[in-house]
Amino acid sequence: MSSGYELYYWPGLQGRGEFVRLAFVEAGVEFTEVIDKSNVPKLLSLIKEGTLDGKPISHLPLAPPILKHGDVVIAQTAAILLYLGSKLNLAPADEADKIWAHQIQLTITDFVLEIHNTHHPVDNAKYYEDQKEEAKAYAKSFREGRLPKFLGYFERILERNPKGPNHLVGDSITTEDLALFQVVTGLLYAFPKAAKRVLGNVPRVAALHKAVGERPRIKAYVEGDKRIPFNQTGLFRYYPELDD
């Protein structure tokens, strides 16, 4: 029986949609990837006109990822994961911990934007080659300052978790653990030298990344053919001149 979950995202990209996909994978819940190369206009109608299957919707998304579940339509990665967390048993039971987990997810969202800006620091509408020199300067600042700052923050969260350092919140896996796993995996692709160097100073983050990657469903997904590979049109991009 179908779960009724429908994900709308750009075809051929992990991007921010991957954070949602990983939640479904870990939970073992099927979902429908609605958009492929043949029906991109359906996604464009949703984000530009606020129409779905020819009908106007009241909760307008600005950009994907977008989740549809019955009559519910949600955009923004953190909002989607907040909605899915309890439904997929990937959220804390305690209300205060749920808000704390959401705070962490929003911080991960901030981090992801800064990672994206390493290759597009000036204008999202322009090619990387048109802002290459600015990207070199931004990436240097990112590697030396923001990368260790963010990963150090997550390290401290793990260190101070009353339930132990195996998870960001509580004593079981949450969407925040999965999101941090995706970010670290992406960083190791985009900044192999810098990421490995900084991860050496945050052993709890490195251990969480390793542990999540070894979870059976995640491991099978990452090593299988369903996961979209990292590429040079995605969120995490590898340019040797930006890594050091």
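Structure summary
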{"quantity": "Selection count where residues are in contact with a helix residue (DSSP H, G or I) (Cβ under 9 Å, 6 or more places away or on another chain) and not in a loop (DSSP other than H, G, I, E, B), scope segment 157-183", "calculated": "12"}
{"quantity": "Candidates D130, D97, D71, filtered to the one that is out of contact with any helix residue (DSSP H, G or I) (no Cβ under 9 Å at 6 or more places or on another chain), modelled with pLDDT of 95 or more and more than 26 Å from F230 (Cβ to Cβ)", "calculated": "D97"}
{"quantity": "Total residues in segment 72-90, condition part of a helix (DSSP H, G or I) and of a type outside the set (S, T, Y)", "calculated": "8"}
{"quantity": "Residue match in segment 134-149 (condition: assigned to a loop (DSSP other than H, G, I, E, B) and farther than 14 Å from F111 by Cβ)", "calculated": "no"}
{"quantity": "Test: residue in segment 13-29 that is out of contact with any helix residue (DSSP H, G or I) (no Cβ under 9 Å at 6 or more places or on another chain) and in contact (Cβ under 8 Å) with a residue 60 or more places away in the chain", "calculated": "yes"}
{"quantity": "Close pairs (6 angstrom Cβ cut-off, 6 or more residues apart or separate chains): under 28 Å from K140 (Cα atoms) and open to solvent by 40 Å² or more (accessible area, probe 1.4 Å) in segment 215-244, outside any loop (DSSP other than H, G, I, E, B) and aromatic (F, W, Y) anywhere", "calculated": "F230/Y189; Y238/Y189"}
{"quantity": "From the options A139, A96, residue that is of a type outside the set (D, E) and open to solvent by 30 Å² or more (accessible area, probe 1.4 Å)", "calculated": "A96"}
{"quantity": "Candidate set from segment 169-209 (those that are open to solvent by 10 Å² or more (accessible area, probe 1.4 Å) and of a type in the set (S, T, N, Q)); member that is farthest from F111 (Cα to Cα)", "calculated": "S172"}
{"quantity": "Per-region count, segment 82-92, residues over 18 Å from the mean Cα position of the chain (by Cα) and touching a residue at least 60 places away in the same chain (Cβ under 8 Å)", "calculated": "2"}
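The values are calculated or read from the model by the stated rules, or taken from the named source; none is laboratory data. On a predicted model such as this, the values are computed, not experimentally measured, just so you know. Neighbour counts are summed over all protein chains in view; Cβ atoms, including those assigned to glycine, are modelled from backbone coordinates with ideal geometry. These area figures cover heavy atoms from the full protein model, side chains too; ligands, DNA and RNA do not enter into them. Shrake-Rupley method; radii C 1.70, N 1.55, O 1.52, S 1.80 Å.
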